[in-house]
Each structure stands twice: as structure tokens, then as C-alpha cells.
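Novice: Structure incoming, see below.
The values are calculated or read from the model by the stated rules, or taken from the named source; none is laboratory data. The model shown is predicted, which means the values in this text are computed figures rather than measured ones. Here the Cβ positions follow ideal geometry from the backbone for every residue, glycine too, while neighbour counts run over all protein chains shown.
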Amino acid sequence: MIADFLQNATVNIFKGFGNTFLNGFASDISERNKAHQVGLQFAHFNPITKWSLEKYEIVDKSNGDKYCNDSTKTVRLKCAALFAASWIVQPIGLTLNLLNRIAKIVTFAHLWNPSQEKYNFKARIGEWGKDILLVVSTPLLLVGMIFSALYGATISPYNGRKLYATCERLAYSGGYQFFGADYGGKNLHNYLLAPCFQPDPKAHLGGGELDKSNVW
């Protein structure tokens, strides 16, 4: 299971890196992919959220986000696996992500890169500045992922899951946040290590079925 977990993450890294330098801008993400994006809110950083079970989903009571209905035991195990894998996989993914961001920053690619959307200088400068902030904050995000996984494995599974997903989403947003992965013939988009930890998840890293609980 862990070997498959790491293998899929490695495939995601290189697929993402190969498709990023001129295609990783938020303005160029297709409408279909935009539907999979989850905006960041202050509630996503709350480490002591209250949860409720509604139908077949675990719901964050602070903002209504819906997560996989996995048991606390399963989430603890997934967080433990993420804690171990994050020391190896995330530094690689984040380094490649940094190289992409830095390349775009120093070449001012945000300003001249062709886009299907109407040219907006102010918005493009904003994206350029956002990439600078994310480059600077990357080490903190790595630490945040590691401690979130540990927090989920030992103290609060659902909150650790949410915090890890938040850090990963922030780290790769506008970089190569989406990775094409083929699960059962369906081209889905997921995050680097924890696609099933995201609100309204679209895939499990291990390829498990989303309509079932406690799968990988």
C-alpha cells in the first residue's frame, strides 16, 4: 500500500512539472478544472473545528465543507502515512514547484505569457506577487504539512486532515496544483499526496472508490 502510495505521488510530481512553466497560471486553468478548486478561508486554518456527520459525509461546521466519511482510525492511519511520506515526497514536489515559480518570477512570465483571458495588467502583477510570497513561505508550508499529519495521527484526525489539505492546497495553488491522474479510465485532478483529504474530494491517491468509506 505504501509503495503504491509513493509511486502514484512520484508520477504526479513529474506529470505536474512537465506541464507547468507556461501552463500553471490560475487564469489558464480550464473551466472544468476550476470546478475542482477550493478557495481558502480562515476556517481552513482552524485546528479545533467541530464536525458533524450528515448523510455520508463529514461536515466542517464552521464553513460547511464536506469531507470523506472515513473513520477516525482510518484518518489516523492516512495521516501517519502522510507524516512518513511527506519527509521524502513533499521536498521534491515543493522544490520543483519552487523552480517553476522562480523561473516565472525572474522572466516576468506572468506579464507576457499568452492567455485565453483578456489581458489584465493589475491581475497579472498580483499573480506575480503571489508567487513571490509563496516562494518565501514554502518552508513554513512544508513544516505545516508535517505537523498537520502528526496532529492528525495523534490528536485530532479530522482537523489534522483538514490542515494538511489546506497547506498542500496553498503550497501548490497557481503552481502545479492539479495533476492529471488516470483512475479507472477517468482523468481526474488531484493534489500531490492527499487528494482525498480535500473538501469534496475527486480521487483517492491509491485509486479507491470515493463512494466507499475507509478506502485508500
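Novice: Applying the selection to region 99-153, what residues are modelled with pLDDT of 85 or more, in contact with a helix residue (DSSP H, G or I) (Cβ under 6 Å, 6 or more places away or on another chain) and of a type in the set (S, T, N, Q)?
Specialist: Of everything in region 99-153, those that are modelled with pLDDT of 85 or more, in contact with a helix residue (DSSP H, G or I) (Cβ under 6 Å, 6 or more places away or on another chain) and of a type in the set (S, T, N, Q) turn out to be T138, S148.
Novice: Kindly indicate whether any position in region 21-35 is at pLDDT 60 or above, assigned to a loop (DSSP other than H, G, I, E, B) and touching a Lys or Arg at 6+ places or on another chain (Cβ under 9 Å).
Specialist: The first filter runs over region 21-35 and keeps only residues at pLDDT 60 or above, leaving none.
Looking for residues that are at pLDDT 60 or above, assigned to a loop (DSSP other than H, G, I, E, B) and touching a Lys or Arg at 6+ places or on another chain (Cβ under 9 Å), one finds none in region 21-35, hence no.
Novice: Something else now. Can you work out which of the residues in region 164-213 that are assigned to a strand (DSSP E or B) and buried (at least 22 other Cβ atoms within 10 Å of the Cβ) is modelled with the highest pLDDT?
Specialist: Our first condition is that a residue be assigned to a strand (DSSP E or B); within region 164-213, this holds for 179-183, 186-190.
From the residues that got through so far, the ones that are buried (at least 22 other Cβ atoms within 10 Å of the Cβ) too are 179, 190.
Values: F179: 36, N190: 43.
Here the answer is N190.
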